[in-house]
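The structure appears below as structure tokens.
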Amino acid sequence: MSAPAATSPSPTTASLAVKFLVAGVAGLALTALGYFLTGNHQGVALSYLVGIAYWTAVCIGMLLLVLIHHIVDAGWSTVIRRQFEHGLSAFKWLFVLFLPLLISAWLNPGLVWPWMDLTHVLHGGHGTVGSDVLYQKKASFLNLNMFTGMTVGFFVVWVWLSARLRKASFRQDADGDIKWTFMNRTTAAFGIPLTALALSFAAIYWMKSLEYHWFSTMYGVWFFANCIRAGLAFGMMITFWLCARGDYRGIFNTNQLHCLIALAFAFVVFWAYITFSQYFLIWNANVPEETFWYNIREHGDWVWVGMLLLFGHFFVPFLLWLSYRRKSTLGPALGISIWVAFIILVDLCYNILPALKDAHDDPLPFLSLNLLWVLTSVVGVGGVCVWAYLKSFPTARIIPIRDPRIVESLTHHEATAP
């Protein structure tokens, strides 16, 4: 017997998609107005980069979770995998939304990434980018052609992998052929290293190169940790939404929730390990080319942002999720996940916005007007991403009904619904 067809969009889902699209367009329009009317071109552009980087991290996290699910042949996560697959539909729109940054890089080099303008005066007035020995040593990597080609390549990799995963998963709903499982397992085998390389180089090009003098061998791993945490946080939000709607009634149970949050808890510790290791190694070596990055973040209110990251990124979720109840009850798990999603945004601001300097070459305050453009950018890009998810949502069953591991997933420890 053939599988039931994918459901048509319910009025609730369709109207919700329209609302998010309207919110997204409004956020993007406000960001554009801020760019053209305030004259704060660099501030708005960097704030927009924060929004793009944040939602790209969410989608990369979802992509990695799907790839990891297939490579380890996981059982418990089968019922929630489909929602991550829907989330992958946002990648092509993220590429479209990144185009303004690429265009500005060609039309106004140095607006966002100072090294693109060889005549840009270095901080402190010590020469220009073109005469900087450190830049000259990196020029074969840090150049506009390479940046453009690599950025296009990142999105090609993410969009292509997402399309392969979604195609195999959705078609298996119709015919139940095991070949689609093997196809996704093969995709995961080469997709994981490809995604890892793409996200690492994206983090280096888009964020780390804003202050290209800085050296760090942990930066790609730091971004990876934030991607996974962001994907899990939004996965929890989607799960709560589906449970509240009743879609997951009789499908999602307490032990599946506990596994989802236990994985999120593990990456709380992983992020702390990576971040502490980077800071400790730089502090211990005391090399000026490395320490300056932290030194400029100890000016003004940025030092308090650093403290917020220390306690908010690690201690708050770590201590709260030590409790089994908070890992296995929807309400507390959702609240902590929302906090994690928020603190990841703060982390990206901490990495990007200090590139904006005042007349004394000090970072502009965190609590500045640029936070407004961060907000409009996050709402704008996020509205489009959520719209893409909601448009994809009705195109397939709520769960992969003919996946070989679906029965194992549905009966995971035979627990009751949370």
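Read-outs throughout are calculated quantities, based only on the coordinates presented, and are distinct from any laboratory measurement. Keep in mind the model is a prediction, meaning the values are calculated, not measured. Glycine gets a Cβ as well: all are built from the backbone with ideal geometry, and neighbour counts include every protein chain shown.
When the chain is fully extended, how far beyond the present Cα-Cα distance does Lys357 get from Lys92, taking 0.36 nm per residue of separation?
The span from Lys357 to Lys92 would gain 92.1 nm if fully extended.
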Worksheet item: Tilt of helix 370-392 relative to the longest C-alpha principal axis of the chain, in degrees (0 to 90, nearest 10)?
Response: 30
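If you take every residue apart from Phe267 with its C-beta less than 15 Å away from the C-beta of Phe267, what net charge results, scoring Lys and Arg +1 and Asp and Glu -1?
Working: positive: Arg229, Lys327; negative: Asp347.
Charge balance near Phe267 sits at +1.
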Worksheet item: In degrees, nearest 10, range 0 to 90: what is the angle between the Cα axis of helix 179-206 and the longest Cα principal axis of the chain?
Response: 20
Response to the item:
Rounded to the nearest 10, the angle in degrees between the Cα long axis of helix 219-245 and the longest principal axis of the Cα atoms of the chain comes to 40
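Would you mind ranking Thr78, Thr217 so that the residue whose beta carbon has the fewest other beta carbons within 10 Å leads the list? Walk me through the numbers on the way to the answer.
Details: Thr78 21, Thr217 9.
Ordered by Cβ neighbours within 10 Å, fewest first: Thr217, Thr78.
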Practice prompt. Please order His360, His70 by the number of other Cβ within 10 Å, starting at the fewest.
Written response: His360, His70
Worksheet item: Suppose every K and R has +1 on its Cβ and every D and E has -1 on its Cβ; what is the size of the dipole of the chain about the Cα centre, in Debye to the nearest 20?
Response: 1300
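Report the net charge of residues surrounding Ile352, where surrounding means a beta-carbon distance below 15 angstrom and charges are Lys +1, Arg +1, Asp -1, Glu -1.
Working: positive: Lys208, Arg297, Lys357; negative: Glu211, Asp347.
That works out to +1.
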Response to the item:
Projecting the Cα atoms of Gly130, Leu210, Val378 onto the charge dipole of the range 11-414, where Lys and Arg contribute +1 and Asp and Glu -1 at Cβ, the residue farthest towards the positive end is Val378
Discussion item. Counting only other residues whose beta carbon sits under 13 Å from that of Met183, what net charge do I get with K and R as +1, D and E as -1?
Written reply: +3
Item to complete: Report the label-to-label distance for Asp177 and His126 in nanometres (one decimal), using points 7 Å from each Cα along the Cα→Cβ vector.
Response: 6.3
Worksheet, complete the sentence: Of the residues Ala189, Phe147, Thr13, the Cα lying farthest along the dipole of the range 11-414 towards its positive end, which is defined by charges on the beta carbon of Lys, Arg, Asp and Glu, belongs to Thr13
Practice prompt. Describe numerically, in nm with one decimal, the distance between label points set 7 Å from Cα along Cα→Cβ at Lys19 and at Arg185.
Written response: 4.3
Worksheet item: What list of ³J(HN,Hα) values in whole Hz, one per residue of the range 291-306 in order, does the Karplus curve 6.51 cos²θ - 1.76 cosθ + 1.60 (θ = phi - 60°) give from phi, with Gly and Pro shown as x?
Response: 6, 4, 4, 7, 4, 5, 8, 10, 9, x, 7, 5, 5, 6, 5, x
Item to complete: Take the cross-link list Lys137/Lys357; Lys138/Lys208; Lys92/Lys167; Lys137/Lys208 and give me the ones stretching past 19 Å between alpha-carbons.
Response: Lys137/Lys357
Worksheet item: Between [x] 21.9, 74; [y] 23.1, 88; [z] 23.9, 84, which matches Rg and Dmax of the Cα atoms in Å calculated for the structure shown?
Response: [x]
Discussion item. Neighbour counts of other C-beta atoms within 10 Å: give me Cys259, Cys349, Cys385 arranged from fewest to most.
Written reply: Cys259, Cys349, Cys385
Item to complete: Using +1 at the Cβ of each Lys and Arg and -1 at the Cβ of each Asp and Glu in the range 72-145, identify which of Trp76, Leu99, His120 lies farthest towards the dipole's positive end.
Response: Trp76
